[in-house]
1. Tell me the angle of helix 13-23 to the major Cα principal axis of the chain, expressed in degrees between 0 and 90 and rounded to the nearest ten.
2. Probe of 1.4 angstrom, ligands and nucleic acids ignored: what's the accessible area per residue over the chain, in square angstrom?
3. Looking only at Gly16, Gly124, Gly114, which one moves most when the chain is put into a Gaussian network model with springs between Cα atoms under 10 Å?
4. Would you mind pulling out the separation of the Cα centroids of the stretch 22-91 and the stretch 238-305, in Å?
5. Relative to the first principal axis of the alpha-carbon coordinates of the chain, what is the inclination of helix 208-219, with its axis defined by its Cα atoms, in degrees from 0 to 90 and to the nearest 10?
6. Ordering Asp298, Asp91 from largest to smallest accessible area (1.4 angstrom probe), what's the sequence?
7. Efficiency by 1/(1 + (r/R0)^6): what FRET value for Leu187 and Arg42, r their Cβ-Cβ distance, R0 = 22 Å, to the nearest 0.05?
8. If you split all Cα-Cα distances of the stretch 125-236 into 5 Å bins from zero, what percentages do you get per bin, shortest first?
Amino acid sequence: MAVRAAVAGASGYAGGEVLRLLAGHPEVEIGAVTAHSSAGRRLGELQPHLLPLAGLVLQDTTAEVLAGHDVVFLALPHGQSAAVAEQLGKDVLVVDMGADFRLKDAADWERFYGSPHAGTWPYGLPELPGARTALAGTRRIAVPGCYPTAVSLALVPAYAAALAEDEAVVVAASGTSGAGKAAKPHLLGSEVMGSMSPYGVGGGHRHTPEMIQNLSAAAGARVGVSFTPTLAPMPRGILATCTARARPGVTAADVRAVYEKAYADEPFVHLLPEGQWPATASVYGSNAVHLQVALDPDAHRIIAISAIDNLTKGTAGGAVQSMNIALGLPEVTGLPTIGVAP
Ligand SMILES: NC(=O)C1=CN([C@@H]2O[C@H](COP(=O)(O)OP(=O)(O)OC[C@H]3O[C@@H](n4cnc5c(N)ncnc54)[C@H](OP(=O)(O)O)[C@@H]3O)[C@@H](O)[C@H]2O)C=CC1
Ligand SMILES: CC(=O)N[C@@H](CCC(=O)OP(=O)(O)O)C(=O)O
């Protein structure tokens, strides 16, 4: 029998992307789609690329509308998910694409999000050590932020194998869809086209504690992260350039061997052949992660560069991958690894 799924926040970018993937998922039947200011409008007006779903009408985001589904995806602004989730039955699989349940440390949550901490759910990044065990059979999933997905997959093997020491330095470029669909002046075409700009500089970005959480768990000790995000003139994609000091004696061959082993059996994380570097265009619309590593002999730093589609592996693809695990379906079901290029 098909898994019946509802999507809250279906008029937004993350909601639209999860609907795109669910529409092609052989085990899923789409039920209610909900929104806020666009309730009452046809999905086809707002997400015209979702042609088979064009006739669905967006309803208000209420527990009554979302009830009666096996899976509910929440693609809502931060702080909105907890109130909805607590009204849904414990047997319903709730997949939160917002940040509400990602962080373990309540003080971190309050510092970066400025509201009381709602709790912590199993973390929807299956490639992290132990994550699949926590996701199997769960009825609550916290999907990671898009930057923490790119950065954690790039650096966790280096810290887990004790190749890297001290803090990580990350500079990452994101496409504008990362900021959502709501109109904001800094996202206007005339501001973004032909220009790149940093934001959230100096430890101010709310994804920093999530990266620290993941890298510290891998290292078994606190790992600091200096994170600088930048906005790039493209609709989708993240290119994360991550570096960490290599422990004395670590060689380029050691780094390569650790990453080859770490990702040998991963269906979505693809360590590129030596000498080939990731590009966002190669993962456009795909759940794949393209990754390359090197050792800079002068700085003796490990360099790991990853490319993801922020809306696919960075949000909706990670959500569907984690749903598959929770429901006991093959993990790759309904998830593309083929990009769209040029
Ligand atoms: N964009 C990305 O790359 C990523 C996004 N996410 C997360 O996914 C979630 C959605 O982000 P995104 O799709 O980008 O944002 P959008 O702004 O594109 O969409 C937001 C959605 O939430 C709805 N909404 C707004 N306010 C409320 C409210 N008060 N109650 C209920 N629904 C509301 C909107 O409805 P309406 O349009 O009808 O007002 C819309 O459907 C966020 O938590 C975000 O952090 C996570 C990782 C990456
Ligand atoms: C370009 C851009 O603005 N990107 C967003 C990333 C948002 C995201 O991935 O996720 P969550 O909001 O779910 O944490 C930002 O930096 O805030």
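The values are calculated or read from the model by the stated rules, or taken from the named source; none is laboratory data. Here the structure is a predicted model, which means the values were calculated and not measured. Positions of Cβ are backbone-derived with ideal geometry, glycine not excepted, and every protein chain shown enters the neighbour counts. Ligands, DNA and RNA are stripped out before the accessible areas are found, and what is left, the full protein with its side chains, is counted by its heavy atoms. Shrake-Rupley method; radii C 1.70, N 1.55, O 1.52, S 1.80 Å.
1. Taking Cα atoms only, the helix is inclined about 80 degrees.
2. Details: 14170 Å² over 342 residues.
Result: 41 Å² of accessible area for each residue.
3. Checking each option, the largest mean-square fluctuation is seen for Gly114.
4. 36 Å
5. With rounding to tens, the tilt is 60 degrees.
6. Solvent-accessible surface, decreasing: Asp298, Asp91.
7. Working: r = 25 Å, r/R0 = 1.13.
After rounding, the FRET efficiency stands at 0.30.
8. Pairs per bin, as whole percents: 2, 11, 20, 19, 17, 14, 10, 6, 2, 0.
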